[in-house]
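Undergrad: Okay, here's the structure, questions in a sec.
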Amino acid sequence: MLAQKSITEIETDVYNGSGFNFSGQKIADVIGDLLPYIFAATGAALVIYIVWGGISLMLSMGEPKAVAAARSKITTGIIGALVVVFAYLIMQLLGNIFNLQDFSTLFK
């Protein structure tokens, strides 16, 4: 476990290849390595935001301002999810159009 390791052991693990190692890479490679994690974190945040809006809607007890705020959260979450999905599809489409192998295999 991480809490049981000394600082020297943690530094040794990091330099021996566990975790992210971005030294000597181009910025495009770094972004390519991080994109799946960014999409996953964004998806998780969107699900949490939509659920939060649903809970707010249930707890609003019919109060018009609270209902409007909850619907706004849900709408914003759905729009955000669509933006993420379309960004992924556009990346895949551009990768196929320009025959970029890195784009087409980025999420596989």
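Each reported figure results from applying straightforward, stated rules to the coordinates on display, with no laboratory input. The structure displayed is predicted, hence computed values, not measured ones.
Undergrad: May I ask you to evaluate 6.51 cos²θ - 1.76 cosθ + 1.60, the Karplus curve with θ = phi - 60°, for each residue of segment 60-68 and list the ³J(HN,Hα) values in order in whole Hz, giving x for glycine and proline?
TA: 6, 6, x, 5, x, 5, 5, 5, 5
Undergrad: If you take the Cα Rg of segment 25-104 and divide it by 2.2 N^0.38 Å, with N the number of residues, what do you get?
TA: So segment 25-104 has a normalised radius of gyration of 1.50.
Undergrad: Next up: Which ³J(HN,Hα) values in Hz, rounded to whole numbers, follow from the phi angles of segment 81-86 under the Karplus curve 6.51 cos²θ - 1.76 cosθ + 1.60, where θ = phi - 60° and Gly and Pro get x?
TA: 5, 5, 4, 5, 5, 5
Undergrad: Give me the number: length gained by fully extending ARG71 to ASN99, i.e. 0.36 nm times residue separation minus the C-alpha to C-alpha distance, one decimal in nm.
TA: 5.9 nm
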